[in-house]
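In what follows, a structure is listed as structure tokens, so that the remarks can point back to it.
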Amino acid sequence: MDDLRYLQGLISEGEHQQQDFKYRVEDARKLARSVSAFANTSGGRLLIGVRDDGCLCGVRSEEEIYVMHQAAYRYCRPEASIKFDTYHVARRGGMSTGNCTIVVATVPKSDHRPVCAIDDDGRQRAYIRIADENIVASPVHLCIWREEQSAKSTTFTYGEAEKRLLAVLADGAWRTLNQLVRQSRLPRPKVIALTARLIRYGLIDWQLDSHQFVFRIT
């Protein structure tokens, strides 16, 4: 399969949880958010030099490729694993013709989550990928990842706090983290830790709703 046919096959999939198009790469920090999201979710690839409509426009210069490397190695903590493949193909779409360079940056799922991106304000934030969006990870995500990285085994005990939290969720309705804290009357850190543990044990479901995470009993 030649390079153009391979790229067209990827582009035909559109943007989804494991694929994103980037027309221009000018800000390494912004690109680092996509790297973080893929690394923290199920991996994925960035097609760089491809417009949102699938047109092959190409990267503009070696400087743009340098910015890609910065995204992974300077603006991600810990450094993200990322593989760059370069393809030289005939330009497709738009008014211009000739050859162009497309870069496919492949990011595997990290074994050391969270992978954080350093934002413009210098803060480290972890992102996850949902559908075709990069979303800031919730405190519950962070708690789950900390437990995954811990050498200690996680056990589930059905105590008073667990009873109170599950009682709030007993009606099966979706609730935000703030609602769980308010209605259970438990400290926020306790609710985060319990919710993370109940998710790991398959007792609570969660989903994204209007850019915030909501939870309900399974």
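The values are calculated or read from the model by the stated rules, or taken from the named source; none is laboratory data. Note that the structure is a prediction, hence the values are computed from the model and not measured. Virtual Cβ from ideal backbone geometry, glycine too; neighbours counted across all protein chains shown. Side chains are part of the model used for accessible areas, which takes the heavy atoms of the whole protein and leaves out ligands, DNA and RNA. Shrake-Rupley method; radii C 1.70, N 1.55, O 1.52, S 1.80 Å.
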message: Residues that are at pLDDT below 95, loosely packed, with under 12 Cβ neighbours inside 10 Å and in contact with a strand residue (DSSP E or B) (Cβ under 8 Å, 6 or more places away or on another chain): does the range 153-168 have at least one?
response: no
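Filter the range 1-38 down to the residues that are over 30 Å from residue 122 (Cα atoms), open to solvent by 70 Å² or more (accessible area, probe 1.4 Å) and among the charged types (D, E, K, R) and list them by number.
Residues of the range 1-38 over 30 Å from residue 122 (Cα atoms): 1-14.
If we keep only those that are open to solvent by 70 Å² or more (accessible area, probe 1.4 Å) too, we end up with 1-2, 5-6, 8, 12-13.
Within the range 1-38, 2, 5, 13 qualify.
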message: Here's a check for you: in the range 48-82, which residue that is buried (at least 23 other Cβ atoms within 10 Å of the Cβ) and at pLDDT 90 or above is farthest from the chain's Cα centre (by Cα)?
response: 56
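Which of the residues belonging to the range 40-91 are β-branched (Val, Ile, Thr), assigned to a loop (DSSP other than H, G, I, E, B) and either within 13 Å of residue 28 (Cβ to Cβ) or in contact with a helix residue (DSSP H, G or I) (Cβ under 9 Å, 6 or more places away or on another chain) (or both)? Outline the logic, then answer.
Pass one, the range 40-91, residues β-branched (Val, Ile, Thr): 41, 48, 50, 59, 65, 67, 82, 86, 89.
From what's left, assigned to a loop (DSSP other than H, G, I, E, B): 41, 59, 82.
Within the range 40-91, 59, 82 qualify.
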query: Given the conditions (1) modelled with pLDDT under 95; (2) open to solvent by 80 Å² or more (accessible area, probe 1.4 Å); (3) in contact with a strand residue (DSSP E or B) (Cβ under 9 Å, 6 or more places away or on another chain); (4) under 18 Å from residue 139 (Cα atoms), and given that residue 209 satisfies all but one, which numbered condition is not satisfied?
result: (2)
query: Between residues in the range 162-176 that are assigned to a loop (DSSP other than H, G, I, E, B) and residues that are not basic (Lys, Arg), which pairs lie under 8 Å by C-beta distance while being six or more apart or on different chains?
result: 170/217; 172/217; 174/207; 174/209; 174/214; 174/215
message: Conditions first: (1) hydroxyl-bearing (Ser, Thr, Tyr); (2) without any contact (Cβ under 8 Å) to a residue 60 or more places away in the chain; (3) crowded, with 18+ Cβ neighbours inside 10 Å. Residue 87 passes all but one, so which condition is the exception?
response: (2)
